[in-house]
1. Does Gly147 satisfy being out of contact with any His (no Cβ under 8 Å at 6 or more places or on another chain), modelled with pLDDT under 95, of a type outside the set (Phe, Trp, Tyr) and in a strand (DSSP E or B)?
2. Say whether the condition of being under 30 Å from Pro349 (Cα atoms), assigned to a strand (DSSP E or B) and free of Cβ contacts under 8 Å to residues at least 24 places away in the same chain is met by at least one residue in the range 242-255.
3. How many residues does the range 62-82 hold that are within 14 Å of Asp42 (Cα to Cα) and surrounded by fewer than 15 Cβ atoms within 10 Å (Cβ to Cβ)?
4. Which numbered condition trips up Val310, out of (1) modelled with pLDDT of 95 or more; (2) farther than 27 Å from Asp352 by Cβ; (3) among the β-branched types (Val, Ile, Thr)?
5. Does any residue in the range 83-111 that is at pLDDT 95 or above come within less than 8 Å, Cβ to Cβ, of a residue that is part of a helix (DSSP H, G or I) and crowded, with 18+ Cβ neighbours inside 10 Å six or more places away or on a different chain, and which pairs are these?
6. In this structure, does Glu66 turn out to be under 25 Å from Leu180 (Cα atoms) and among the acidic types (Asp, Glu)?
7. Within the range 285-311, take every residue that is in a loop (DSSP other than H, G, I, E, B) and of a type in the set (A, V, I, L, M, F, W, C) and give me the one that is farthest from Gly149 (Cα to Cα).
8. Any idea which of (1) under 30 Å from Glu325 (Cβ atoms); (2) in contact (Cβ under 8 Å) with a residue 24 or more places away in the chain; (3) of a type in the set (Gly, Ala, Ser) is the one Ser194 doesn't satisfy?
Amino acid sequence: MLVRHVPLLLVFLLATKTFATEITIDIVNLPLSGTVILQVYDDPNAFGNFRNPAREVRHTIRRGQEYTVSDVPDGDIAVLVYLDENGNRALDRNFIGIPREPVGISNNYQPKGPPSFQRAAIRAEPGSRINLEIQIYRVLGEAGLWGLGLGAIGRSSPYVGSDVNVVQPIPAITYFGERLQWVGPNVRYGVWGSDDLRLALTASYRVGAYEDDDSDALTGLGDRDSTLMGGFAVIYEGPQGFELDLSYEHDVLDRIGGGTIAARLSRNFQLGNLRLSPGIGANWLSRELANYDFGVPDAAATADRGAYEVGDTVTAEASVAAFYEITENWRVVLNVAVERLGSDITRSPIVDDDQVIKGFAAITYSF
């Protein structure tokens with residue numbers, strides 16, 4: 001009896017999965033020969049990383065030809081086309097994931113940062129035929145993507161009697177190039193990498209933790225200076241959009257000495273024009289850095305504030321990075337983290353809070 005109903009079951013399953021019959025694309029700016037790849041996405045998160053399309057087809061380029069994708073899922077979809085210049089059947093990217101090869105997106109959307117599915121989306125009705133014209137272009141252009149704006153970096157105060165939070169306005173300069181990435185106080189330069197595993201040199205601005213007059217408990221300890229940290233990072237892009245970032249940075253100006261190791265696991269989510277990257281991590285601080293921020297040297301000890309040495313320490317961290325595309329040129333960048341301090345820090349006589357909130361925010365115009 002079951003065998004007799006198998007054909008009917010197959011018909012039912014096929015009937016419940018509806019498809020747009022075909023998308024036909026006129027691609028502008030193609031060379032006279034080579035291979036072009038057409039991808040269709042129905043998942044905003046997959047589109048945000050240009051990975052795991054719902055449909056993909058390859059076409060050999062022919063003069064005057066229109067290119068088609070069949071059996072496209074119905075609903076909101078986004079189309080990506082790219083020129084496979086080296087014939088490796090993959091979209092080549094730089095070390096931070098920006099396409100190296102010419103691409104084109106539905107609605108002729110040309111983002112200056114992580115792409116928004118919402119801006120690229122078109123509606124595919126069941127059984128429909130869709131005609132598109134898409135222009136391909138190089139995302140990085142000839143000189144990379146520059147951005148200018150205003151920003152601020154900040155850090156809350158965990159110190160006894162202090163309600164002074166450190167906030168420093170800074171020019172918000174961003175740059176995305178073949179190897180160089182500059183976002184506010186952080187710079188990375190890619191030196192080696194594949195699509196999934198990359199190595200970069202890094203530099204970051206470390207804001208001073210406090211000033212001598214922030215509270216009575218800190219009087220006599222002196223101002224804590226900002227400094228420049230430099231080092232390297234290893235970035236691994238895993239399955240399902242997860243990214244693991246391991247880095248080491250050292251005080252290159254030797255104002256403090258010592259260094260820090262950071263490990264962070266994050267994942268990207270696309271919500272309309274907003275891209276969120278929540279993450280968790282841990283930080284190792286060398287004795288020099290930990291004592292500079294939280295210790296009390298013997299020479300500064302008083303009757304009410306005994307000498308205290310922290311030593312090497314580990315803190316836990318939860319963070320979220322956000323990228324909001326106002327227009328193709330204007331965007332808001334935000335990175336906020338809550339760092340949980342260990343008991344070896346909170347036992348210090350100058351510390352009365354077990355967490356520090358720190359971050360960077362900016363609004364920039366890209367060109």
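The values are calculated or read from the model by the stated rules, or taken from the named source; none is laboratory data. Fair warning: this is a prediction, and the values are worked out from it, not measured in the lab. Glycine also receives a Cβ, built like all others from the backbone with ideal geometry; neighbour counts cover every protein chain displayed.
1. Working: out of contact with any His (no Cβ under 8 Å at 6 or more places or on another chain): yes; modelled with pLDDT under 95: yes; of a type outside the set (Phe, Trp, Tyr): yes; in a strand (DSSP E or B): yes.
Considered against the rule, which asks whether it is out of contact with any His (no Cβ under 8 Å at 6 or more places or on another chain), modelled with pLDDT under 95, of a type outside the set (Phe, Trp, Tyr) and in a strand (DSSP E or B), Gly147 comes out as yes.
2. Our first condition is that a residue be under 30 Å from Pro349 (Cα atoms); within the range 242-255, this holds for 248-255.
Restricting the remaining residues to those that are assigned to a strand (DSSP E or B) gives 248-251.
Now restrict to residues that are free of Cβ contacts under 8 Å to residues at least 24 places away in the same chain: 248, 250.
Yes, some residue in the range 242-255 is under 30 Å from Pro349 (Cα atoms), assigned to a strand (DSSP E or B) and free of Cβ contacts under 8 Å to residues at least 24 places away in the same chain.
3. Total satisfying the criteria: 2.
4. The single condition Val310 does not satisfy is (2).
5. Ile105/Ala120; Ser106/Ala120; Asn107/Arg119; Asn107/Ala120; Tyr109/Arg119; Tyr109/Ala120
6. Numbers: under 25 Å from Leu180 (Cα atoms): no; among the acidic types (Asp, Glu): yes.
Answer is no for this residue.
7. Residues of the range 285-311 in a loop (DSSP other than H, G, I, E, B): 286, 295, 297, 301-307, 309-311.
Now drop any that are not of a type in the set (A, V, I, L, M, F, W, C), which leaves 301, 303, 307, 310.
Values: Ala301: 44, Ala303: 48, Ala307: 44, Val310: 39 Å.
Out of the qualifying residues, it is Ala303.
8. Unmet for Ser194, out of (1) under 30 Å from Glu325 (Cβ atoms); (2) in contact (Cβ under 8 Å) with a residue 24 or more places away in the chain; (3) of a type in the set (Gly, Ala, Ser): (2).
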